[in-house]
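Please treat every number below as a calculation from the coordinates, not as lab data. Source: prediction; values computed, not measured. For neighbour counting, all protein chains shown are included, and Cβ atoms are generated from backbone atoms with ideal geometry for every residue, glycine included.
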């Protein structure tokens, strides 16, 4: 099946620094990728939809200036958590669909566990 | 009201048991439905899609009731390896957003010997 690779799988950073997370579709082109955040024992919450070559669409309540998304190519989307704080510690997961359609399976990256100290 | 609601569990069942999970969704115009499985500290993986006519894949059976906006997953002959969190996922249908997936909080299943 289609593979989505996410890097890094975990990162620890100091408060106030920025962290970049990469999401790559390895064997297909993804015009749209999705970024989710998951706190312990909670559901995946969609943060934003990343569109290749255009601005990301953010969900209500997600600060676009804090969570910068860049989708520069059909196989790569990046999420940068700027000026990270301990409350940003979470599990961040990206996903992409092989075909842009409502019934197709979404493939997920392995996730990035961010800890801000 | 949450868009997708599930009983968080946990469901603790012995091997061989049959267990059923339920899920309700709020958007009556939703078009696609899925069950995903998520192991601890791992990414979700598709278990099965849910079709209006109901569908079965081995020990797993999914049902959809559009009138009641209700989805179910039945697991027969539970195995230890079935222990995981099961996520009910809905693809709402609205202009410009048909690609989104909305996740329920998940139902935890623990199968014991």
Subject >> Estimated translational D of chain B in µm²/s (Stokes, Kirkwood radius over Cα pairs; 37 °C; 0.692 mPa s) >> reply: 231 µm²/s
**OP:** Give me a single rounded figure for A:43-52: the average over its residues of other chain Cβ atoms within 10 Å of their Cβ.
**Re:** 4
Subject >> Extension reserve of the residue A:7-residue A:28 stretch, reckoned as 0.36 nm per residue once the Cα distance is removed >> reply: 5.8 nm
Original post:
How many partner chain Cβ atoms sit within 10 Å of a residue's Cβ in peptide B:42-54, on average, as a whole number?
Top reply: 3
Original post:
Among A:39, B:103, which comes first, then next, by fewest other beta-carbon atoms within 10 Å?
Top reply: A:39, B:103
**OP:** Express the relative contact order of the stretch B:2-113 as a whole percentage, based on alpha carbon pairs under 8 Å and six or more residues apart in sequence.
**Re:** 37 percent
Original post:
So what is the relative contact order for the stretch A:1-86, in percent, with contacts set as C-alpha pairs under 8 Å and at least six apart?
Top reply: 33 percent
**OP:** Sort A:117, A:19, A:4, B:50 so that the residue with the fewest other Cβ atoms within 10 Å of its own Cβ comes first and the one with the most comes last.
**Re:** A:117, A:19, B:50, A:4
Subject >> Inverse of mean 1/r across different Cα pairs in chain A, Kirkwood, Å >> reply: 14.1 Å
**OP:** Starting with the fewest neighbours, write out B:53, A:89 ranked by other beta-carbon atoms found within 10 Å of each beta-carbon.
**Re:** B:53, A:89
Original post:
residue B:52 versus residue A:15, label points 7 Å from Cα toward the beta carbon: distance in nm?
Top reply: 5.4 nm
Original post:
If you wrap a convex hull around the C-alpha atoms of the protein assembly as shown and split its volume per residue, what is the figure in Å³?
Top reply: 124 Å³
Original post:
Given N residues in the stretch A:19-59, what is Rg(Cα) / (2.2 N^0.38 Å)?
Top reply: 1.31
Original post:
Which value in nm describes the separation of the simple spin-label points at residue B:45 and residue A:65, placed 7 Å from the Cα toward the beta carbon?
Top reply: 4.2 nm
